[in-house]
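Read the structure below first, then the notes.
The values are calculated or read from the model by the stated rules, or taken from the named source; none is laboratory data. Bear in mind the structure is a predicted one, so any value in this text is a computation, not a measurement. Virtual Cβ from ideal backbone geometry, glycine too; neighbours counted across all protein chains shown. Accessible surface areas use protein heavy atoms only, side chains included; no ligands, DNA or RNA. Shrake-Rupley method; radii C 1.70, N 1.55, O 1.52, S 1.80 Å.
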There are 2 protein chains.
Amino acid sequence: MSAKPKAHLAPGIEDIRQAAIRLAPVAVKTPMLESPFLNELAGRRVLVKAEVLQRTGSFKFRGAWSAISALDETARARGVIAYSSGNHAQGIAHAASLHGISATVVMPADAPAMKLSNTQALGATVVTYDRVGGESREAVGEALALEKGLTLIKPYDDTLVIAGQGTCGLEIAEQAVAMGVDSADVLVCCGGGGLSAGIALALEADGPGFRVRPVEPENADDTCRSLVKGARVSNIGTPDSFCDAIVTPMPGELTFPVLQRLAGPGLTVSDNDVLNAMKLAMLRLKLVVEPGGCVALAAALRGESIQGDAVVCVVTGGNVDEQLITQALEVESIDPALG
Amino acid sequence: MSAKPKAHLAPGIEDIRQAAIRLAPVAVKTPMLESPFLNELAGRRVLVKAEVLQRTGSFKFRGAWSAISALDETARARGVIAYSSGNHAQGIAHAASLHGISATVVMPADAPAMKLSNTQALGATVVTYDRVGGESREAVGEALALEKGLTLIKPYDDTLVIAGQGTCGLEIAEQAVAMGVDSADVLVCCGGGGLSAGIALALEADGPGFRVRPVEPENADDTCRSLVKGARVSNIGTPDSFCDAIVTPMPGELTFPVLQRLAGPGLTVSDNDVLNAMKLAMLRLKLVVEPGGCVALAAALRGESIQGDAVVCVVTGGNVDEQLITQALEVESIDPALG
């Protein structure tokens, strides 16, 4: 067993394996899916890691459980706090509730209605902040943590959270190889980079033939541009995107060096690519995926700058309101059989 | 290894285990999912076996692969034929194509558009018949089989098909126990009874604390009424139901004696129950489920005549056209948080 990781460092592979042991009794081992229809459209095999089926409807439960389950009993009993656009919020709320402890979550007042109401229903106390007006969620979260003695669990710049997300990468390596694929680009929907970095670290150890490539919306491509520049750069302003789950100001301090070392070039997709991928996910994979959780599948279907006979992509979250599901179903499909 | 099963008998547990071995390299081991929101609504744990994630979007791939993979090489090379409302059709088309053999499928002319086009796209030759006018698919299928030397693979009254569907039951026993549930009603969407019988036989061996209960639409409740009467009775006329996948004239010859011996009382649900379950499957489980694949979840949520702290249900198919997805999203939800 490894020593407890330092909170200011990216996790090592042993931290990810320990997180996998803590997650095993509670997390869903999400399936890797494939559709002959999507393969045909993409011109190569498309393996889809279905993290929308994770508890709370996104991979974020992995990091939340990893962090909360590793706290010492005294700190844990005082409760936890997080800031989140909604999926980390639900992961923290549910993981805290399963541990029988309290959770406070700082969320943007304009987060999707389903994410706000789910987080409360899962037992957390929700405090909203003014995202659009530029209020800092970090400042709100850190002030509350200090005031109430709560442990702050950051959405991506946290060693134990990255280790938890990395467990998804261990599964990808195992499942893709079992399906006959041992080298491919692994496209990952990317906000702050916790999942991308975690998967990259897991694959470095367990799947050296695989390479993570972060995927972002065109107007929130901070990670793509940072990788090109070789240094962290911000998004311009506060991008207005329906990919709310992955719009973060800039890559994380812990996550970016990992991506710089291990990831391939980033990819971007348009809103229309995303709506199309959502429609195909519903009709071909039977999965409901939110916009921010669908950018990697959108890039896989577009296929631009991807090489090889196969590509892996992670559909990361499915917490979407009805109105957006209907909007996606109405889009003119890139699949001529669907129209 | 068991001897090859007789085609006119229900399979034994060894036939189901052999089918599982043949399926292991190709089939999806579908996850067992749970949502705290659905548990809350149902007043007990609801474990959902997500067969919509099986290849071709329904459990039918299991039976199709089981049957085709067990044929001797000479018979297999001549090709196979099936009749089906659409899901068995796709299972047969895809399993045949993966084996590199031809498949002919007899389908009702009024089958959902997606099922007709998918079956063709998966490589089968589709022959339509006039279901509403009372033309017999069995007669059409048997005539074509004879004429062309094809092996007929029936949708449920076939030993190897029932054995294939039974592999779902082996997984249910293993997964439910791993989630802390070792006795419960297992609700199964029921048409001809192939899946219900297969699961019942698997659970008899591997999960004696579980009991299958077939679920049907109110106006196509032939299995329910047959179980009450102790003999096979037909539906009245040709029920007009959007649960097309499970509207069959009467329980199967091979399947009914199994259900009579092993299943608990049947359950029925209304169209509104089904639409509600479809909406909740999308928003709470992130799964797209077709009406006929959702009756078991609908019964689990209604809870009528179910006992115990947990219930298992199988969502069996997800091949649904957009318009029905939208219709389900528009229904007034039984979940007050969704409206």
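From the residues in the stretch A:305-320 that are surrounded by fewer than 18 Cβ atoms within 10 Å (Cβ to Cβ) and touching a residue at least 60 places away in the same chain (Cβ under 8 Å), which one is farthest from the other protein chains (Cβ to nearest Cβ)?
So, considering only residues that are surrounded by fewer than 18 Cβ atoms within 10 Å (Cβ to Cβ) and touching a residue at least 60 places away in the same chain (Cβ under 8 Å), the one farthest from the other protein chains (Cβ to nearest Cβ) is A:307.
Can you list the helices (runs of 4 or more DSSP H) found entirely within the stretch B:260-339 that contain at least 2 residues being within 24 Å of residue B:171 (Cβ to Cβ), touching a strand residue (DSSP E or B) at 6+ places or on another chain (Cβ under 7 Å) and not acidic (Asp, Glu)?
Where helices (runs of 4 or more DSSP H) fall fully within the stretch B:260-339 and carry at least 2 residues being within 24 Å of residue B:171 (Cβ to Cβ), touching a strand residue (DSSP E or B) at 6+ places or on another chain (Cβ under 7 Å) and not acidic (Asp, Glu), they are B:295-302.
Those residues that are touching a helix residue (DSSP H, G or I) at 6+ places or on another chain (Cβ under 9 Å), open to solvent by 30 Å² or more (accessible area, probe 1.4 Å) and not in a loop (DSSP other than H, G, I, E, B), I need them from the stretch A:221-235; list them, please.
Across the stretch A:221-235, the qualifying residue is only A:227.
Would you check which residues across the stretch B:180-211 are under 13 Å from the mean Cα position of the chain (by Cα), assigned to a strand (DSSP E or B) and among the β-branched types (Val, Ile, Thr) and list them?
Listed by number, the list holds a single entry, B:188.
For residue A:164, which of the numbered conditions (1) within 21 Å of residue A:254 (Cβ to Cβ); (2) not assigned by TED's automatic domain parsing to the domain that holds residue A:263 fails to hold?
Among (1) within 21 Å of residue A:254 (Cβ to Cβ); (2) not assigned by TED's automatic domain parsing to the domain that holds residue A:263, the lone unmet condition for residue A:164 is (2).
Could you identify the single residue in B:323, B:260, B:327 that is over 16 Å from the mean Cα position of the chain (by Cα), among the polar types (S, T, N, Q), under 29 Å from residue B:230 (Cβ atoms) and open to solvent by 10 Å² or more (accessible area, probe 1.4 Å)?
B:260
With of a type in the set (Lys, Arg) and either out of contact with any strand residue (DSSP E or B) (no Cβ under 9 Å at 6 or more places or on another chain) or closer than 30 Å to residue B:21 by Cα (or both) as the only criterion, which of B:148, B:154 stands out?
B:154
From the list B:299, B:281, exactly one residue is within 14 Å of chain A (Cβ to nearest Cβ), at pLDDT 95 or above and open to solvent by less than 10 Å² (accessible area, probe 1.4 Å). Which is it?
On inspection, the qualifying residue turns out to be B:281.
For residue A:84, only one of the following conditions fails: (1) within 14 Å of chain B (Cβ to nearest Cβ); (2) within 30 Å of residue A:139 (Cα to Cα). What is its number?
Every condition holds for residue A:84 apart from (1).
Residues being more than 25 Å from residue A:36 (Cβ to Cβ) and of a type in the set (S, T, N, Q): count how many of those fall in the stretch B:92-145.
Here the count works out to 1.
May I ask you to list pairs of residues, at least six apart or on different chains, whose Cβ atoms are under 6 Å apart, with the first in the stretch A:24-44 being farther than 22 Å from residue A:169 by Cα and within 8 Å of chain B (Cβ to nearest Cβ) and the second being buried (at least 19 other Cβ atoms within 10 Å of the Cβ) and not hydrophobic (A, V, I, L, M, F, W, C)?
A:37/A:284
Can you list residue pairs whose Cβ atoms sit under 9 Å apart, with the first residue in the stretch A:117-130 being more than 9 Å from every other protein chain (Cβ to nearest Cβ) and crowded, with 23+ Cβ neighbours inside 10 Å and the second being part of a loop (DSSP other than H, G, I, E, B) and not charged (D, E, K, R)? Count only pairs 6 or more apart in sequence or on different chains.
Hits for this filter: A:119/A:84; A:119/A:86; A:119/A:111; A:124/A:102.
What about residue B:169, is it assigned by TED's automatic domain parsing to the domain that holds residue B:89 and open to solvent by less than 10 Å² (accessible area, probe 1.4 Å)?
No.
Among (1) among the charged types (D, E, K, R); (2) open to solvent by less than 10 Å² (accessible area, probe 1.4 Å); (3) touching a Phe, Trp or Tyr at 6+ places or on another chain (Cβ under 7 Å), which single condition is residue B:290 missing?
Failing condition for residue B:290: (3).
Determine which member of the set A:142, A:147 is surrounded by 15 or more Cβ atoms within 10 Å (Cβ to Cβ), in the same structural domain as residue A:73 (by TED's automatic domain parsing) and under 19 Å from residue A:79 (Cβ atoms).
Selected residue: A:142, the only one of A:142, A:147 that is surrounded by 15 or more Cβ atoms within 10 Å (Cβ to Cβ), in the same structural domain as residue A:73 (by TED's automatic domain parsing) and under 19 Å from residue A:79 (Cβ atoms).
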